[in-house]
Amino acid sequence: MDEILEQLRRDVAAATDSKQVEQVRVKYLGRKGIITTLAKNTDFSRLSSEEKRSFGQRLNALKSEAEQLLKEALEKAKAAEKDLVRKVAGLDLSLPGIDRRLGSIHPIALVQMELEEIFQGMGFRVLTGYEVELEYYNFDALNIPPDHPARDMQDTFWLDNGMLLRTHTSANQVRALETYGVPLRAIFPGRCFRNEAIDASHENTFYQLEGLLVDRDISVAHLIAVMKTLLSQVFKREVTVRLRPGFFPFVEPGFELDVQCLICGGKGCATCKQTGWIELIPCGLVHPKVLEFGRVDPNIYSGFAFGMGLTRMAMMKFGIPDIRLFNSGDIRFYEQFPAAF
Amino acid sequence: MKISLDWISDYVDINDIPVDVVADRLTMCTAEVEDVLEVRRSVAQVVVGEVIDCRDIPAAPNLKLVTVDCGTRRFQTVCGAPNVRKGLKAPFAPPGTRLANGVEIAVAEVSGHRSEGVLCSPAELGMSRWHEGLLECPPSLPNGAPLAQWIPDRDVLIEIDNKSLTHRPDLWGHYGFARELAAIFRRPLRPLPVVDLSQYDHLPTYPLTVDDYENCPCYGCIDLRVRAGVPAPLVIQRRLHALGQRTFNLMVDLTNYIMWEIGQPTHAFDGDRVHAIRVAPLGKPGTFVTLDGQERQLLPDDLLIWNEKEPVALAGVMGGLESEVTPTTTHVLLESANFKASRIRRTSVRLDLRTEAAQRFEKGQPPVNVKIGTARALQCLIDSGEPFEVLSRFTVAGDLKEAPRPLSIPWRTVDTMAGQKIPRQEAVGILRHLGFLAEEKGETLEVGIPAHRSEKDISIPADVVEEILRIYGYDRIEPRLPEGPMAALPVNVGLRKEHQARRVLAGAHGFVEVQNYVWLDDNWLAELGYQPGETLTLKNPPAQTCRRLRPVLLPNLLALVRPNRAHRDMFRIFEIGRVFRPQANDGCEERTHLAGVSFRSSGKGDQEEHFRSIRGALEDLGAVLTGQALRFVAGQDSPFPWCVPGYWVKILLGDTTVGAAGVLDPVLARVVALEGQVVWFELDLEAIQAPIYPVVHYRPLAVYPRSWQDFSLLWDVTKGFDSLEAVLSKFQHPLISEREFLYVFKGKGLPQGQASYTFRYWLAAPDHTLTGEEIEGFRTAFLSFLQENGISLR
């Protein structure tokens, strides 16, 4: 019997596929198989009961050993055959994808969409005004009368019909107050224009986002808190801000809001010109005259306004070194900003 | 504006405070410091020297051989300065001195003469960059005295951007900054030394009339006899040089010094050239020669200072050439006046004459400076040690507004604006440091606004609260989020459409969003052959050919094809932006448009397929924006050169035209793309009006399987797909669940002018699986419908 087992082991080892394994099974365990016939051909009557028991035990052991060997061989062969079939199919899933249809959204629009979401989450409605604006809303209603030196700060594109291309989105403040009244929380993203020479950091066409909040008893403390919350959302982390005096005729007091440099953490680096701070948002409490122009009683209501340079935010966010790229028309530039929604 | 800490130290002691702290606190409390500069002067070993002999050197016409007396010693030197002359006192650097340029002075041979040491210009001493002449010292200085007595070897300049001082006329002089620093560091401010002008009240009044108090609210002058041409004291000269101002002579330097000290421009007339002052507008167009020798074209409204009937100065901007003080002038009329800011601004901007005086007047100087300027000038004259005589009393026309302006501010306003309680004693202290009268009276803060703060600057409670808070420190205010009732936040429908369009075109159809300027270039319009008709135009365009504001987006988008085809052989771009059309009464209609352009170089499929792929994008867009199908209708003649019949379609939503799309005809395609196909579209996003959340109704899913039947129909290409669809839509049959257009085939084996349009009819019944007979019944009915309509199968 040991010889039979040895022989079986050799045959199983020689079998290369499931078909041959089956043949080996038939050879040993088939109806006329070697093990099957071994039992049949034994004359049990000539054996003592002791011998009978011993023979039977050995035969059963042989049988189950053989079955086990064949089962394992069959599994191995089948697995090998599957592998072979799969290998023939030869899929290369490391190849890059095709049929991509994703275009790109203008980087300023991307920043605008993100900021709109943040502000809407803070209860600000989003309003748009006019790019061609009346002198009244762009200047006079913002407490910038004709011949005010502040008009120097903004070289204006004038139209032949007496209107102008708005120099700032602040032009929406009084329009919004007139239309929606108070209390009001609104932002005004949009394109602005100033007649200045163009270079890597100056454009005559750029985007701002103005914000306005008017309610009872609005204070400097509110302004700081809202700006801090906003900027933490924008930069996705806690930010440190500071206010310092800044002059804009339509706010009193007026501020420049600086954010502690996110690159160096305030230690001073090239980005913040070694100051540790980056000038980011001009803001202030709305000037009582502006409220009056908006038909709001400054004795009851107060508010704050702030302006963000959307173009500048986009330059910071995407590391764009040259402002002229935004209006360059060069798709090699625009394509770098996938349509991230 | 540069602030000299040397100058500041006359009025407030802050020498113990590190310069970077001074700069930081100024930034946080007053105005942003742009830069801190150190002035290093080379004055060690330099002494006062007197030129006691000055001879020509025949071989070198530009040089003089000079003998300099330095008290204990005399030196011979060769000097090329144009102002070297006998009797001049100037700084002398003996051999061995190291000057600002780093050169050590040695004994040298110049043009054959021994030259030991040099007479110095301000630049050589490191006082400024001015090197066109020697620094002239007052004759009273003793020969040989070390120069360092009057010119210290170091100063620090703090530079502030003028733009951040627009609202603070008081900060256009050093005394204003000294007052700020005194308040910031809570230190005493020394009063400005001035003479008491009333001591001259017994003298005759100077003849003075002001015709235009609107534009000249206050005018003051005083008549003096003085040696105007002598050098000014070195303290004045060193400070003016530190600010980059050159110095001339006592009287001119004095007026500059007053201006840089208190912000008040003053002017010195040659007293022999003026006899009576009148302030009046020109009244008619004319010209005037300013002291820079330029003839200026004036308008009737321009304000002038007249000597009787002759104009002698362009008020607040620049004096006249004729009445300028010269080195020989001994009779001076000193003007200190106040002019209306907008008047000065208008004249100086128009003439592009942005003088230091004009820049200060247009910020709105307080009238009290008329008096302070005069009183300070006389004090400086006394300090100079030069003899002078006052010939007239200080004569003033108009209101000096010397009294503080009272203002009551409820303490609640202070606390409300801050958002927290501000300690009252501290607030009062801050205001007093800034020169305000301030008193706590119960629930009210009683304030007297000092005369030196202009009305434009401080007039309402908010202005005063700002003064308190900025010195108190914004960093001491605890941030607090506003509370308020929750209110519904309406959606901005217009912006939502813009963003949806971006998502569809860029997200699903591979478009790249671009942006163009809002003006059109006439040269490009001519190339396109596009005459936009009446448009809005810029008065001061960025370029002469770019005056028109765009009434449509497409021309500027088409202009991007040529530059970009260098980089890509196909691309799709779109732009969302405003377009403008003139309206009656100088109005403007502004709308938001969406336009796109798709380019393919030749060999990238046919134009029809190209157009269909863009039309597919528009159909998707229509579905997203409106929930309805946009309609595309063949376009007729149009003023737009890109709208050629057969090449373009109108786009409609219901019956409203919302845009157009098309293929550039071969002629225009060559202009725009040189070579290749261009498909375009432009939509008026505001015309697309639809519920922002379109209503969608569920249709039950089919329970029994559908069958289909395909038919390829022959149809005239010129009639087009739309007309075939119109015919087919008339065929009604209960089994039709959907008619699907599969494809069009044009080519071999078809009758002339016809194409084969293949449709798939999906057939189904709601309650059973269709039988062969039912399908055959549909087929028979459809085929006979086709026959009736003269349509044959391919």
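The values are calculated or read from the model by the stated rules, or taken from the named source; none is laboratory data. This structure is a prediction, so every number in the text was calculated from the model and none was measured. Here the Cβ positions follow ideal geometry from the backbone for every residue, glycine too, while neighbour counts run over all protein chains shown. Accessible surface is based on the protein model in full, side chains and every heavy atom, while ligands, DNA and RNA are left aside. Shrake-Rupley method; radii C 1.70, N 1.55, O 1.52, S 1.80 Å.
Computed quantities for the displayed model
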{"read-out": "Members of region B:695-733 found to be in contact with a helix residue (DSSP H, G or I) (Cβ under 9 Å, 6 or more places away or on another chain) and either open to solvent by 40 Å² or more (accessible area, probe 1.4 Å) or part of a strand (DSSP E or B) (or both), listed by number", "value": "B:707, B:709, B:711, B:713, B:715, B:716, B:730, B:733"}
{"read-out": "Scope region B:555-582; condition more than 16 Å from residue B:680 (Cα to Cα), open to solvent by 40 Å² or more (accessible area, probe 1.4 Å) and more than 9 Å from chain A (Cβ to nearest Cβ); matching residues", "value": "B:566, B:569, B:581"}
{"read-out": "Any hit, region A:169-186, residues being buried (at least 19 other Cβ atoms within 10 Å of the Cβ), more than 12 Å from chain B (Cβ to nearest Cβ) and part of a strand (DSSP E or B)", "value": "no"}
{"read-out": "All positions within region B:318-341 that are open to solvent by less than 20 Å² (accessible area, probe 1.4 Å) and either under 14 Å from residue B:219 (Cα atoms) or within 14 Å of chain A (Cβ to nearest Cβ) (or both)", "value": "B:333, B:334, B:335, B:336, B:337, B:338, B:339, B:341"}
{"read-out": "Odd one out for residue A:241 among (1) more than 8 Å from chain B (Cβ to nearest Cβ); (2) within 21 Å of residue B:472 (Cβ to Cβ); (3) open to solvent by 20 Å² or more (accessible area, probe 1.4 Å); (4) in contact (Cβ under 8 Å) with a residue 40 or more places away in the chain", "value": "(4)"}
{"read-out": "Close pairs (7 angstrom Cβ cut-off, 6 or more residues apart or separate chains): in a loop (DSSP other than H, G, I, E, B) in region B:583-606, surrounded by fewer than 18 Cβ atoms within 10 Å (Cβ to Cβ) anywhere", "value": "B:586/A:161; B:586/A:162; B:601/B:569; B:601/B:570; B:601/B:675; B:602/B:675; B:604/B:569; B:604/B:570"}
{"read-out": "Flag for residue B:279 being buried (at least 24 other Cβ atoms within 10 Å of the Cβ) and part of a loop (DSSP other than H, G, I, E, B)", "value": "no"}
{"read-out": "Tally, over region B:528-580, of residues that are of a type in the set (D, E, K, R) and part of a helix (DSSP H, G or I)", "value": "2"}
{"read-out": "Residue match in region B:77-100 (condition: without any contact (Cβ under 8 Å) to a residue 12 or more places away in the chain and either open to solvent by less than 40 Å² (accessible area, probe 1.4 Å) or within 14 Å of chain A (Cβ to nearest Cβ) (or both))", "value": "no"}
{"read-out": "Residue that is nearest to the chain's Cα centre (by Cα), among those in region A:316-327 that are within 13 Å of chain B (Cβ to nearest Cβ) and open to solvent by less than 50 Å² (accessible area, probe 1.4 Å)", "value": "A:326"}
{"read-out": "Failed item, numbered, when residue B:548 is tested on (1) under 31 Å from the mean Cα position of the chain (by Cα); (2) more than 10 Å from chain A (Cβ to nearest Cβ); (3) open to solvent by less than 10 Å² (accessible area, probe 1.4 Å)", "value": "(3)"}
{"read-out": "Selected residue (criterion: farthest from residue B:84 (Cα to Cα)) from residues of region B:134-156 that are among the polar types (S, T, N, Q) and part of a loop (DSSP other than H, G, I, E, B)", "value": "B:140"}
{"read-out": "Flag for residue B:379 being farther than 23 Å from residue B:1 by Cα, assigned to a loop (DSSP other than H, G, I, E, B) and open to solvent by 30 Å² or more (accessible area, probe 1.4 Å)", "value": "no"}
{"read-out": "Positions within region B:495-545 being within 29 Å of the chain's Cα centre (by Cα) and without any contact (Cβ under 8 Å) to a residue 12 or more places away in the chain, in sequence order", "value": "B:495, B:539, B:540, B:544"}
{"read-out": "Which listed residue is in a loop (DSSP other than H, G, I, E, B), surrounded by 11 or more Cβ atoms within 10 Å (Cβ to Cβ) and in contact with a strand residue (DSSP E or B) (Cβ under 8 Å, 6 or more places away or on another chain), from B:765, B:690", "value": "B:690"}
{"read-out": "Members of region A:269-304 found to be within 12 Å of chain B (Cβ to nearest Cβ), open to solvent by 20 Å² or more (accessible area, probe 1.4 Å), without any contact (Cβ under 8 Å) to a residue 60 or more places away in the chain and more than 23 Å from residue A:140 (Cβ to Cβ), listed by number", "value": "A:273, A:274, A:275, A:277, A:279"}
{"read-out": "Conditions (1) surrounded by 17 or more Cβ atoms within 10 Å (Cβ to Cβ); (2) touching a residue at least 24 places away in the same chain (Cβ under 8 Å); number of the one not met by residue B:627", "value": "(1)"}
{"read-out": "Test set (1) closer than 30 Å to residue B:37 by Cβ; (2) more than 33 Å from the chain's Cα centre (by Cα); (3) surrounded by 19 or more Cβ atoms within 10 Å (Cβ to Cβ) - residue B:223 fails condition number", "value": "(1)"}
{"read-out": "Set B:490, B:479: member being surrounded by fewer than 13 Cβ atoms within 10 Å (Cβ to Cβ), out of contact with any Gly (no Cβ under 7 Å at 6 or more places or on another chain) and at the interface with chain A (Cβ under 8 Å from one of its Cβ atoms)", "value": "B:490"}
{"read-out": "Count - residues of region B:507-544 that are away from chain A (no Cβ under 12 Å), in contact with a strand residue (DSSP E or B) (Cβ under 7 Å, 6 or more places away or on another chain) and crowded, with 19+ Cβ neighbours inside 10 Å", "value": "1"}
{"read-out": "Of all residues in region B:163-189 being assigned to a helix (DSSP H, G or I) and basic (Lys, Arg), the one that is surrounded by the most Cβ atoms within 10 Å (Cβ to Cβ)", "value": "B:179"}
{"read-out": "Test: residue in region B:420-442 that is among the β-branched types (Val, Ile, Thr), closer than 30 Å to residue B:338 by Cβ, within 11 Å of chain A (Cβ to nearest Cβ) and in a helix (DSSP H, G or I)", "value": "no"}
{"read-out": "So residue A:263, is it open to solvent by 40 Å² or more (accessible area, probe 1.4 Å) and in contact with a Lys or Arg (Cβ under 7 Å, 6 or more places away or on another chain)", "value": "no"}
{"read-out": "Residue check for residue B:72: in contact (Cβ under 8 Å) with a residue 24 or more places away in the chain and open to solvent by 10 Å² or more (accessible area, probe 1.4 Å)", "value": "yes"}
{"read-out": "Residue in region A:207-226 that is within 11 Å of chain B (Cβ to nearest Cβ), over 25 Å from residue B:415 (Cβ atoms) and open to solvent by 10 Å² or more (accessible area, probe 1.4 Å) present", "value": "yes"}
{"read-out": "Among residues of region A:56-96, those that are assigned to a loop (DSSP other than H, G, I, E, B) and either over 30 Å from residue A:319 (Cα atoms) or within 14 Å of chain B (Cβ to nearest Cβ) (or both), counted", "value": "6"}
{"read-out": "Those residues of region B:707-719 which are more than 19 Å from residue B:788 (Cα to Cα) and touching a residue at least 60 places away in the same chain (Cβ under 8 Å), in sequence order", "value": "B:707, B:709"}
